[in-house]
Structures are given as C-alpha cells and as structure tokens.
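**Student:** This is the structure, below, for whatever I ask next.
The values are calculated or read from the model by the stated rules, or taken from the named source; none is laboratory data. Everything numeric in this text was worked out from a predicted model, so none of it was measured. Neighbour counts are summed over all protein chains in view; Cβ atoms, including those assigned to glycine, are modelled from backbone coordinates with ideal geometry.
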Amino acid sequence: MKIFKDWRNLPATAKRACVALGNFDGVHLGHVEVLRAAHVARPDAPLAVLTFEPHPREYFRPQDPPFRLTLSRDRADALAVLGVTALYELPFNAEFSHLTAGQFCQEVLHEGLGAVHLACGGDFAFGHRRGGDVALLARQAEAFGMGLTIVPPVSDGQGLISSSRIRRLLQDGYPERAALLLGRPYTIRGEVCHGDARGRTIGFPTANIPLGRHLEPARGVYAVTVRLPAGDEVNGVANIGQRPTVGGTESRLEVHLFDFAGDIYGQELTVALHHFLREEQKFPSFEVLKAQIALDAAQARAMLDRDQNPAKPLTP
C-alpha cells in the first residue's frame, strides 16, 4: 500500500481509484463493510481510503483526553490487510479545515484524486464546519461524474458497530467484546522506556510503554499477548493505570512477558489486550502486591493457554 500526504500533484498512478471516505478509527467491522461496498461497486479500480491526520476531533479539541483506537501506522497496517492499495492520509490543519464542502468535492476528490467512485457511511460529514452531508456529496459526485455508494449502518444484536461503542467497551473493561467489533484484539503499540525498575526487584520485570495518544482502557490488569519487533509473540500480563501502590500519578502500560529475558529497551512492542482480570487497586505493602501479581500472572497464563489450545483437556 502506498501512502500519500497531499491531494495535490499526485502521480497518474495514484489517481482514478475507488475511494472510501472517513476517519476509520479502529478499522472495525463497520469500516470493513464500507471497503467491501467500495470494491463491489468498482472492482476494476484500485481500492483507496481518504482519511485525516490528526483526527479532526484532536485538531479542534486538543484538550480532550486521548481517544484514538488506532494511530496513523496501526490504521494504515489494518487497511493494508483489507486490500487497500492507496491511502490518502491528508493533514488536517487550519488550511484544510477551511475548505468548504464544495471545494472538498471539486478540489480534493475530483481534481486532486480523480476519484472514479466514492463510498462512505450515511453519517459522513465534511467541509468547513461540517457543512456537507451525503445528500450534498451525491449531488457533487453526479456533477463531477463520480459514482457514490452510501453504506447503511452495520449492527449486531447489541446495536450499532461504531468507534464510540468500541471505546466505551474498552473503558468499561470488556476487551473481548471490543475485539468482536474490531475483528481482532485491541492493541497498543509503543516504545519501551525505562521505568523505576521496581518490578525487577520483586521478580516481575516489566516493559513500560507510555499510552501517548492512545485511548486509556479500563485501569487494571489484563492477560495480553505481545508482538516483538521481529514478529514473535509472547504471552504476558499487563497493568494499565497509575500504580497507586508506589504513588504513581501518570497512567501507563506495564507488561510482564512470560518466560522472556531479552533486552527490549527502546524497542517497539505491540500489546494486544485479551482479558480484563481485575481493577487497579492500592496494596498495603510490596509483599502483598507481589503475591497478587503472582496470582494475576497464573490467571493470565491459564486464560491465554485456554484461548490458544481450546481442545486441550482440562487437568484434573
């Protein structure tokens, strides 16, 4: 997949695609349907996505807590797996935010991308102050000779599949339910930084990863798998939160990798959340904390082993 950061002066090979429009935060099953509809409408054209970086909400409300499910690289990776061959990741800045809906259709979609077909959800809004809706998009697409597919909302038995719903599930401590809507486990990718090394002193060394612009899921302990830079996966147990027992004040992700002793400082790990074990809590002493971590680790091992070996008989 090729990534383009501007709609102007694109090479001819980057034009005349079937373009799916949206933020695609999470690249969830609803987004998959938009991509599928785009491909079905024009299977002869390259499949492309037009999205924004940063997310418009990050630009207009920088004071909000981090909320992103997928940052730029993870989103791109997920889209590539789904067959997208071109990603127009346009910079959302003051200049772009002042484009009218009409300018967006003419200058970006038609003249810039030369799109042959568009696809989006029914709630797609665009242009200055979100002045354009799908009705306007339909009129503009017809005027410029572009096809358009409006994809109905995708639901399951519990309601609409959306990025907002997935965020709520993660913040409420339901990573398994979030994974069903994402089509894969929720992951946090980041660089391992030096911590206070307390975990090593009690026999549970951890890789410390800042949450950065990622959404903070429910604070507490998780059974996780960790993908290393070389692609290997290791099971582990992780804590997300402020570490009240040691007086922490900033939330971060701490991961203990099972049966692993390599040096991973400065390396980038991808941590997948599989099961929420318990809420974060303050313990009266390090000894009590150490005992609880041992219990957490044993529970995480058992749950991940069950996931990865579903046919394995239970030990009496």
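**Student:** Can you work out which of the residues in the range 23-41 that are surrounded by fewer than 22 Cβ atoms within 10 Å (Cβ to Cβ) and among the small types (Gly, Ala, Ser) is nearest to Leu69 (Cα to Cα)?
**Tutor:** Ala37
**Student:** Against the definition (at pLDDT 95 or above and small (Gly, Ala, Ser)), how does Gly157 come out, yes or no?
**Tutor:** For Gly157, the condition - at pLDDT 95 or above and small (Gly, Ala, Ser) - is not met.
Okay, residues lined up against (1) surrounded by 20 or more Cβ atoms within 10 Å (Cβ to Cβ); (2) touching a residue at least 12 places away in the same chain (Cβ under 8 Å); (3) in contact with a strand residue (DSSP E or B) (Cβ under 7 Å, 6 or more places away or on another chain); (4) not β-branched (Val, Ile, Thr):
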| site | (1), (2), (3), (4) |
| --- | --- |
| Leu113 | yes, yes, yes, yes |
| Phe126 | yes, yes, yes, yes |
| Leu136 | no, yes, no, yes |
| Asp156 | no, yes, no, yes |
| Leu170 | yes, yes, yes, yes |
| Glu191 | no, yes, yes, yes |
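**Student:** Somewhere in the range 181-189, is a residue of a type in the set (S, T, N, Q), closer than 25 Å to Asp64 by Cβ and at pLDDT 95 or above?
**Tutor:** Looking for residues that are of a type in the set (S, T, N, Q), closer than 25 Å to Asp64 by Cβ and at pLDDT 95 or above, one finds at least one in the range 181-189, hence yes.
**Student:** Limited to the range 58-96, what total is found for residues that are part of a helix (DSSP H, G or I) and not aliphatic (A, V, I, L, M)?
**Tutor:** Going through the range 58-96, the residues part of a helix (DSSP H, G or I) turn out to be 58-60, 72-81, 94-96.
Keeping just the survivors that are not aliphatic (A, V, I, L, M) gives 58-60, 72-75, 77, 95-96.
Qualifying residue count, the range 58-96: 10.
**Student:** Condition check: closer than 23 Å to Lys2 by Cβ and not in a helix (DSSP H, G or I). Does Ala45 satisfy that?
**Tutor:** Numbers: closer than 23 Å to Lys2 by Cβ: yes; not in a helix (DSSP H, G or I): yes.
So Ala45 passes the test.
**Student:** Another question, if that's okay. If we keep just the residues of the range 97-108 that are out of contact with any strand residue (DSSP E or B) (no Cβ under 8 Å at 6 or more places or on another chain) and in a helix (DSSP H, G or I), which is nearest to Met1 (Cα to Cα)?
**Tutor:** Among those residues, the one meeting the criterion is Glu107.
**Student:** Here is a follow-up. Out of Arg8, Arg16, report the one residue that is assigned to a loop (DSSP other than H, G, I, E, B) and at positive phi.
**Tutor:** Arg16
**Student:** Which one is nearest to the chain's Cα centre (by Cα) among residues in the range 110-165 that are under 22 Å from Tyr59 (Cα atoms) and assigned to a helix (DSSP H, G or I)?
**Tutor:** Filtering first and then ranking leaves Ser163.
**Student:** Which of the numbered conditions does Glu233 fail, given that it passes all the others? Conditions: (1) in contact with a strand residue (DSSP E or B) (Cβ under 8 Å, 6 or more places away or on another chain); (2) in contact (Cβ under 8 Å) with a residue 12 or more places away in the chain; (3) not assigned by TED's automatic domain parsing to the domain that holds Ala17.
**Tutor:** Only one criterion in (1) in contact with a strand residue (DSSP E or B) (Cβ under 8 Å, 6 or more places away or on another chain); (2) in contact (Cβ under 8 Å) with a residue 12 or more places away in the chain; (3) not assigned by TED's automatic domain parsing to the domain that holds Ala17 is unmet by Glu233, namely (2).
**Student:** Might you let me know whether the range 98-114 holds any residue that is closer than 24 Å to Arg36 by Cα, assigned by TED's automatic domain parsing to the domain that holds Ser72 and in contact with an Asp or Glu (Cβ under 9 Å, 6 or more places away or on another chain)?
**Tutor:** yes
**Student:** While we're here: Taking the residues in the range 263-289 that are in contact (Cβ under 8 Å) with a residue 12 or more places away in the chain and assigned to a loop (DSSP other than H, G, I, E, B) as candidates, determine which candidate is farthest from the chain's Cα centre (by Cα).
**Tutor:** Looking at residues that are in contact (Cβ under 8 Å) with a residue 12 or more places away in the chain and assigned to a loop (DSSP other than H, G, I, E, B), I get Phe283.
**Student:** Would you confirm whether any residue within the range 290-297 is in contact with a helix residue (DSSP H, G or I) (Cβ under 6 Å, 6 or more places away or on another chain), among the aliphatic types (A, V, I, L, M), in a helix (DSSP H, G or I) and crowded, with 18+ Cβ neighbours inside 10 Å?
**Tutor:** no
**Student:** Here's another thing I want to ask about it. Would you check which residues across the range 201-243 are modelled with pLDDT under 95 and of a type in the set (Ser, Thr, Tyr) and list them?
**Tutor:** Thr201, Thr206
**Student:** How about the range 175-194: which of its residues are in a loop (DSSP other than H, G, I, E, B) and more than 21 Å from Glu254 (Cβ to Cβ)?
**Tutor:** Result: Gly183, Arg184.
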